[in-house]
Amino acid sequence: MGNRDKPLPEHAVKLLCYALPAIPLATVALPIYVVVPTFYAQNLGLPIADVGTVLLLIRLIDAASDPLIGWLCDRVFTKSGRRRTLFLLSVPLTALAAFMVFWPPSGASVAYLALWGTLLSVGYTGTLLPYTAWGAELATDYRGRSVVSAFREGATLIGTLIAVVLPFAVGLDRNNGIHGLAAVALLTLVLLPAASVLAVRTVPEPANRSTTRLNLADSLRFVVRNRPFVRLIVAFLLNGFGNAIPATLFLYFVSERLGAAELRGPLLFLYFLCGILGVPLAVWLASKAGKHRTWCGAMTIACAVFALAGFLGAGDTVAFAVICATTGLLLGFDLALPPAIQADVIDYDTAKSGEQRSGLYFAAWGLATKLSLALSVGLVFPILAWSGFDTAAGQTMPETALSTLSALYAWLPILPKAAAIAVMWNFPLDEDAQQALRAHIDANASYGKAFGEEPSSRAAVVPLSPSSADGKEA
């Protein structure tokens with residue numbers, strides 16, 4: 001029997017089942033800020049300023065809910081497990097709220113969007129945080145974590161492609177029966193609960209290696225003192241800011257600078273498609289060179305490729321397609337490797353504090369993501385307006401505005417990305433250091449279990465032997 005006829009190994013089946021909910025979660029994430037504003041303004045007649053204000057308020061509520069849900073994610077203890085329990089409980093709210101936001105009735109008001117948008121935001125965070133924490137704890141070895149992250153982020157990119165194609169392929173006209181957003185609503189309502197139940201029934205709850213329980217003040221103190229984590233999240237924020245700038249300006253760059261508005265969809269599809277191909281490449285290279293060095297190499301190449309985009313002008317669509325394909329490939333590195341490194345810095349905290357708190361750490365991760373997006377919007381649009389950039393019909397765009405657009409899109413992202421490379425290049429948690437941390441965590445957890453000890457409510461700082469993992473180099 002040929003290799004193609006052999007069944008998948010059990011662990012691969014479990015990873016596929018774990019990754020499956022990431023597809024509908026990704027189909028929810030993109031439309032809420034890309035398609036919903038235009039849809040509610042054009043199809044329901046709501047003032048675009050009111051819609052924008054509501055979405056801004058929802059994002060603020062979303063940011064405020066992250067640490068609370070992250071803390072709750074670490075505190076829920078049931079027989080079915082603290083990760084899977086909160087994840088499964090939040091799925092119905094996420095699916096229902098997404099359905100209501102994406103398929104509004106004809107008389108939907110701003111208040112309707114505010115209510116269901118807020119419920120969607122809270123439900124989505126309640127689903128995503130335990131889901132990512134679950135994945136961070138599924139594998140305890142350095143390389144295995146890259147594989148888990150790759151499965152989930154690959155599925156996320158597939159969901160993103162669906163979110164890019166489906167609304168526009170079906171059409172956004174409410175008068176033609178089921179419109180594009182309604183199709184996304186139906187997909188989410190069916191696929192998210194089904195995929196989530198399959199994942200919970202197939203994939204086990206990770207072992208909780210906590211030997212103590214911290215109060216909130218002690219918990220936050222250990223997070224701040226986790227120097228590898230601080231170093232990683234600074235680099236993640238910088239690189240996220242560098243990625244958010246061209247993401248914010250992509251549609252404008254293609255339509256105004258290249259004069260190819262009709263290619264915006266195909267180029268965006270090409271970008272995310274190549275991102276899927278980049279995920280396994282990232283995992284393979286990380287197994288050879290280490291996760292943080294591989295990520296730094298990808299960011300370095302991205303800087304060089306982005307620099308070329310600043311020299312493009314009207315009609316240079318083939319060259320830009322090559323840039324989209326290359327940077328899309330490197331997107332796979334940005335998606336797969338940082339969450340795998342995040343799991344390693346959580347090990348550092350668990351060894352030092354005695355409590356395994358992946359939920360709280362991924363809440364901080366989510367806050368950094370949202371902050372990078374907010375910073376990009378807050379910076380680039382005022383600069384564009386100052387340069388005279390105006391897309392109003394009949395307006396002739398001044399060359400200074402187009403030059404500013406090119407500089408912001410192609411060259412500004414290089415600065416934060418270069419800073420992120422500098423922060424991560426000598427990152428202290430390599431494979432040997434992570435293995436030492438896991439041995440320490442497992443030994444402590446086994447000792448406590450053997451003597452029937454329950455996690456205490458006080459922090460017990462676990463001294464680590466001097467090594468590059470102690471954060472002194474950070």
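The values are calculated or read from the model by the stated rules, or taken from the named source; none is laboratory data. Values in this document were obtained by computation on a predicted structure and should not be read as measured data. No Cβ is skipped: glycine too gets one built from the backbone with ideal geometry, and neighbour counts run over all protein chains shown. Side chains are part of the model used for accessible areas, which takes the heavy atoms of the whole protein and leaves out ligands, DNA and RNA. Shrake-Rupley method; radii C 1.70, N 1.55, O 1.52, S 1.80 Å.
How about the stretch 88-107: which of its residues are open to solvent by 10 Å² or more (accessible area, probe 1.4 Å) and of a type in the set (A, V, I, L, M)? Give the steps one after another, and end with the answer.
Initial filter on the stretch 88-107 (open to solvent by 10 Å² or more (accessible area, probe 1.4 Å)): 88-90, 92-93, 96, 99-100, 103, 105-107.
Answer for the stretch 88-107, where residues must be open to solvent by 10 Å² or more (accessible area, probe 1.4 Å) and of a type in the set (A, V, I, L, M): LEU88, LEU89, LEU93, LEU96, MET100.
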Is it the case, given these coordinates, that VAL224 is over 30 Å from THR396 (Cα atoms) and either surrounded by 17 or more Cβ atoms within 10 Å (Cβ to Cβ) or at pLDDT 90 or above (or both)?
no
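Hey, can you tell me all the residues within the stretch 66-87 that are assigned to a helix (DSSP H, G or I) and surrounded by fewer than 20 Cβ atoms within 10 Å (Cβ to Cβ)? Break it down into steps so the answer makes sense when it comes.
If we filter the stretch 66-87 for residues that are assigned to a helix (DSSP H, G or I), which is where we start, we get 66-75, 82-87.
Correct list: PRO67, LEU68, TRP71, LEU72, ARG75, THR85.
Please determine, by comparing only the residues of the stretch 296-322 that are β-branched (Val, Ile, Thr) and either closer than 29 Å to MET424 by Cα or free of Cβ contacts under 8 Å to residues at least 40 places away in the same chain (or both), which one is least open to solvent (accessible area, probe 1.4 Å). Give the steps one after another, and end with the answer.
The initial filter retains those residues of the stretch 296-322 that are β-branched (Val, Ile, Thr), namely 300-301, 305, 317-318, 322.
From what is left, the residues that are either closer than 29 Å to MET424 by Cα or free of Cβ contacts under 8 Å to residues at least 40 places away in the same chain (or both) are 300-301, 305, 318, 322.
Values: THR300: 70, ILE301: 90, VAL305: 21, VAL318: 113, VAL322: 89 Å².
Top of the filtered list is VAL305.
Name the residue, out of ASP347, ASP334, ASP316, that is modelled with pLDDT under 95 and in contact with a Ser or Thr (Cβ under 9 Å, 6 or more places away or on another chain).
Values: ASP334 fails: in contact with a Ser or Thr (Cβ under 9 Å, 6 or more places away or on another chain); ASP316 fails: in contact with a Ser or Thr (Cβ under 9 Å, 6 or more places away or on another chain).
Answer to the check: ASP347.
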Quick one: ALA450 ticks every box in (1) aliphatic (A, V, I, L, M); (2) at pLDDT below 80; (3) in contact with a helix residue (DSSP H, G or I) (Cβ under 7 Å, 6 or more places away or on another chain) bar one, so which box is it?
(3)
Among the residues listed as PRO398, PRO339, PRO416, the single one being touching a Gly at 6+ places or on another chain (Cβ under 9 Å), of a type outside the set (Gly, Ala, Ser) and without any contact (Cβ under 8 Å) to a residue 24 or more places away in the chain:
PRO398
Unmet requirement for LEU405, which otherwise passes all of (1) in contact with a helix residue (DSSP H, G or I) (Cβ under 6 Å, 6 or more places away or on another chain); (2) open to solvent by 10 Å² or more (accessible area, probe 1.4 Å); (3) not aromatic (Phe, Trp, Tyr)
(2)
Does any residue in the stretch 93-117 that is within 14 Å of ALA41 (Cα to Cα) come within less than 7 Å, Cβ to Cβ, of a residue that is open to solvent by less than 40 Å² (accessible area, probe 1.4 Å) and part of a loop (DSSP other than H, G, I, E, B) six or more places away or on a different chain, and which pairs are these?
VAL110/LEU46; TYR112/PRO104
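On the given criteria, is ALA199 open to solvent by less than 20 Å² (accessible area, probe 1.4 Å), more than 23 Å from the chain's Cα centre (by Cα) and of a type in the set (A, V, I, L, M, F, W, C)? Give the derivation first.
Values: open to solvent by less than 20 Å² (accessible area, probe 1.4 Å): yes; more than 23 Å from the chain's Cα centre (by Cα): no; of a type in the set (A, V, I, L, M, F, W, C): yes.
When the stated conditions are applied, ALA199 does not pass them.
For ALA133, are the conditions met, namely being at pLDDT below 90 and either touching a Pro at 6+ places or on another chain (Cβ under 7 Å) or closer than 13 Å to ALA26 by Cα (or both)?
Values: at pLDDT below 90: yes; either touching a Pro at 6+ places or on another chain (Cβ under 7 Å) or closer than 13 Å to ALA26 by Cα (or both): no.
The answer is no for ALA133.
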Determine whether the stretch 242-259 contains at least one residue that is touching a residue at least 40 places away in the same chain (Cβ under 8 Å) and closer than 14 Å to ILE421 by Cα.
yes
